[in-house]
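Values in this text are rule-based calculations from the coordinates and carry no lab data. Because the structure is a prediction, the values reported are computed rather than measured. Note that we place each Cβ from the backbone using ideal geometry, even for glycine, and neighbour counts take in every protein chain shown.
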Amino acid sequence: MEKKEAKKRIDELRKLINYHNHRYYVLDSPEISDAEYDELMKELQRLEEEYPQFLTPDSPTQRVGAAPVEAFGVVEHQIPMLSLGKAFSHEELLAWHKRVSGLLGEPEFDLVAEHKMDGLAVALIYQEGKYVTGATRGDGFRGEDITQNLKTIKSVPLSLPRGVPSRFEVRGEVFLSKKGFKKLNEDRAKAGQPLFANPRNAAAGSVRQLDPRITAQRPLDIYIYGVGLVEGGNTFTTHWETLEYLKSLGFKLNPQNELLKNLQQAEDYYQHWLEEIEHLPYEADGVVFKVNQYDLQERLGNVGGEPRWAIAYKFPATQATTVLEDIGISVGRTGTLNPFAILKPVNVGGVIVKRAALHNEDDIRRKDIRIGDTVIVQRAGEVIPEVVGPVVSLRTGKEKDFVMPTKCPVCGSEVIKPEGEAMSRCTNMSCPAQIFELVKHFASRGAMDIEGIGEKLAEALLKAGLIKDVGDIYTLEEEKLIGLERMGKKSADNVLKAIEESKKRPLSRVIFALGIRHVGSETAEILAKHFGSIDRLAQSTAEELMEVPTIGPTIAESIVAFFRQKPNQDVIKKLKEAKVTMREEAARPRELPLAGKEFVVTGKLDSCTRTEAEARIRELGGLVGSSVSKKTDFLVVGADPGSKLDRARELGTAQLDEKQFLDMLEGKK
Ligand code: IVH
């Protein structure tokens, strides 16, 4: 190839690659396949190798590969990078608006709303349209030179279209998507490296790598949200206009940015995103409102490193740090030893958290959580708060490793950790902790449904020695109950009535209530249908059990082991003596009201849990599916339904709201 021709092709390829880069990384809408893109890249690499005289730093081949540095250089910010004032409540937002409004003498003014990205603020400087410098915010006046690292982020343009200001500084936030963060931590866990506590730390850690080749491997992205020093070019009159201009130059901007007319719209924007933010692929910790007009911004000015013309209205925090004072152990129904965090009480988004989940021993080890550590606690929605991980930099050296006890903390029996299982277990079947959990399970709504026997009464009954296992529930008498704390004659009678009622529950509920490991309500249903009585179930071998559809070796062995235990045989005997249903009533499924109808339940119901609803459907002869298909007759739709509703709409499946569903159960329809 002629030199001149080569130069021409190189220019052409760079333009093409930059164009497709922009489509892929900025606009999220590629026009060519990855393979085609790779072909273009390869061709360019080949030509640049052959004609090194044409190599330029802004070539798309030059994003990765710069050598590591000893330390970062310093970049002075010609215009300081400010931070934002914060509002934590509606009142604080109002106060801000009122102050601004007063200073300007205008009741309302345009605002630009943006998400407050949880990442790292950076500045990118372009000289004659070429990317020359990238820097962190640092202390706002001087940051670190991370030019090479930022270059590895594909959504950062390396050259800008003709006609841009000769010196052009843009500012934005580098961040990691939730997915990218998860993947990064998974890889680190596999490699035995400490985990990042949140996407923000991960982004900061990734950008501030002395070796840009490491940065290049991290799935970083950037949203540009403003400009810094601009020389020799157009001037703008509003922030919104600036954002539009930045977009036109190929920068990546958050698509959720909005131009608002007044305070009311600002509040709506906040409320909307407060609810929706969790569905976005990235973390944001609030929204930012900026006065749109630059002349107004100038009149407002800055105070103490914060512009008066902008405010960050934060979402309630979901994370906080506190001290892990100890690790407690609770023993579950199946004997699992569940470690939980005992924390120095801390306010996480308005809720005081003292306890948090730690999952299991392996998880504690993997995250390297030690007693005495300062830890990050996270709370999201309704779920139990959890310990995310330790703040390693705050260690004093006095922290202690957690050791799983070898004896059950409740009954003192030996603890085992079966091969391949994450949980340690107490080996004592009659461990009071296990029985307590079992009693609660036995009496719960999806099981024997004994109203009145909950957490408190279960504990009281066990403490008073009135029951030693679930079979003893049926030996309770009025006088004995009345002796208990806060138990009058009336409540005692109610409990006894509920116990009496429970004897009529169908066999499937009884099997479920026994709390056999791996036997949930659905399996119990199948077993009851197949074997027809407790005795036949108790006598069956693992082989016989495995002949039943959906029963595998784990469930089969667990059932056999259960009925082999003497204490369990005693319970069955007591239930029989009490005349609890022990055989499948000759149910004629065809005559049941919901016979032959298939239901799928989605979303949260007010009156019962999903499991309870499904149990009711089955009792009335209906079938319960886990996903909507052509066979589905009804989709029961609770609050916050998921994708099942979309599917039902696609298929035209009949939908029932909770009220309609309950009516149907009661035979009203
Ligand atoms: S504007 C004067 N816009 O918040 C304006 N900042 O507390 C200063 N941030 O260091 C920045 N999202 O890291 C702005 N849409 C957004 C932002 C944002 C996140 C961060 C940024 C900055 C900090 C200020």
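Brief remarks on what is shown
- Sorted ascending by nearby beta carbons within 10 Å, beginning with the fewest, Cys411, Cys426 become Cys411, Cys426.
- Spatial offset of the range 359-375 relative to the range 467-506 amounts to 42 Å, using the alpha carbon center of each.
- Shown is the FRET efficiency for Lys604 and Lys398, computed with R0 = 60 Å from the Cβ-Cβ distance and rounded to the nearest 0.05: 0.85.
- Lys/Arg +1, Asp/Glu -1 at C-beta; the chain dipole; positive extreme among Ser491, Phe634, Ser166: Ser491
- A cut-off of 5 Å between modelled amide H atoms, ignoring neighbours fewer than 5 places along the same chain, links Val377 with Ala320, Thr321, Thr322, Val388.
- Radius ratio Rg over Rh of the range 440-492, counting only Cα atoms, Kirkwood formula for Rh: 0.93
- Here is the tail figure for the range 121-221: Cα pairs spaced more than 24 Å apart come to 26 percent of all pairs.
- Evaluated over the range 286-339, the Cα radius of gyration and Dmax, each in Å: 23.5, 68
- Here the 3J(HN,Hα) profile of the range 148-162, calculated from phi with Karplus coefficients 6.51, -1.76 and 1.60 at θ = phi - 60°, is 5, 5, 5, 4, 6, 7, 5, 8, 8, x, 8, 9, 10, x, 4 Hz, Gly and Pro shown as x.
- Residues whose amide H falls under 5 Å from that of Gly226, counting only those 5 or more places apart or on a different chain, are Arg171, with hydrogens built in the peptide plane.
- Relative contact order (%) - criterion: Cα under 8 Å, at least six apart; region: the chain: 9
- Total charge dipole magnitude, the range 3-88, about the Cα centre, Cβ charges on Lys, Arg, Asp, Glu only, Debye to nearest 20: 280
- Each of Ile364, Ile342, Ile352 was placed along the dipole of the range 336-381 (beta-carbon charges, centred on the mean Cα), and the one lying farthest toward the positive end is Ile352.
- Computed 3J(HN,Hα) for the range 478-491, one whole-Hz value per residue from the Karplus formula 6.51 cos²θ - 1.76 cosθ + 1.60 where θ = phi - 60°, is 4, 4, 5, 5, 4, x, 7, 4, 6, 10, x, 4, 5, 5, glycine and proline marked x.
- Summed side-chain charge close to Leu246 - residues other than Leu246 whose Cβ falls under 15 Å, Lys, Arg +1, Asp, Glu -1: -1
- Alpha-carbon Rg with Dmax, taken over the range 382-527, Å: 19.6, 60
- Expressed in Å, the radius of gyration and Dmax of the Cα atoms of the chain are 32.4, 106.
- Lys, Arg +1 and Asp, Glu -1 on Cβ, resulting dipole of the range 376-533 about Cα centre, debye, nearest 20: 160
- Environment charge at Gln319 (Cβ cut-off 13 Å; Lys +1, Arg +1, Asp -1, Glu -1): -1
- Placing +1 on the Cβ of every Lys and Arg and -1 on the Cβ of every Asp and Glu, with no other charges, gives the chain a dipole of roughly 1120 debye about its Cα centre.
- Taking a sphere under 14 Å around the Cβ of Lys489 and counting the other residues whose Cβ falls inside, with K and R at +1 and D and E at -1, yields a net charge of 0.
- Amide H contacts under 5 Å for Phe251: none, restricted to partners 5 or more places along the chain or on a different chain, H placed in the peptide plane at 1.01 Å from N.
- Cα-Cα P(r), the range 508-596, percent of pairs per 5 Å interval: 2, 14, 25, 27, 17, 10, 5, 1, 0
- Fewest-first ordering of Ser159, Ser29, Ser558 by other beta carbons within 10 Å of each residue's beta carbon gives Ser29, Ser558, Ser159.
- Per-residue Karplus couplings for the range 91-106, computed as 6.51 cos²θ - 1.76 cosθ + 1.60 with θ equal to phi - 60°, are listed in order as 4, 5, 5, 4, 4, 4, 4, 5, 4, 4, 4, x, 5, 8, x, 10 Hz, Gly and Pro entered as x.
- Taking the square roots of 5 times each eigenvalue of the Cα gyration tensor of the range 359-468, largest first, gives ellipsoid semi-axes of 33, 19, 13 Å.
- P(r) for the range 14-119, from all Cα pairs and a bin width of 10 Å, is 10, 23, 20, 20, 17, 10, 1 %, short bins first.
- Mean separation of Cα contacts under 8 Å, 6 or more apart, over the residue count of the range 220-278: relative contact order %: 34
- Each of Ile482, Thr541, Leu438 was scored by the projection of its Cα onto the charge dipole of the range 413-553, and the greatest displacement toward the positive side belongs to Ile482; charges sit on the C-beta of Lys, Arg, Asp and Glu.
- nm² value of the averaged projected area, convex hull over the Cα atoms of the range 485-558: 6.1
- Gyration tensor verdict on the range 310-405 (Cα atoms; rounded if a/c is under 1.5, prolate if a/b is larger than b/c, oblate otherwise): oblate
- The P(r) of the range 105-154 has a tail past 17 Å containing 53 percent of all C-alpha pairs.
- Taking every DSSP helix (H) stretch of at least 4 residues in the chain, weighting each as -39,500 (n - 2.57) and dividing the sum by the residue count yields a mean residue ellipticity at 222 nm of -10500 deg cm²/dmol.
- Ordering 527-539, 94-106 by mean Cβ neighbour count within 10 Å, with the highest value first, yields 527-539, 94-106.
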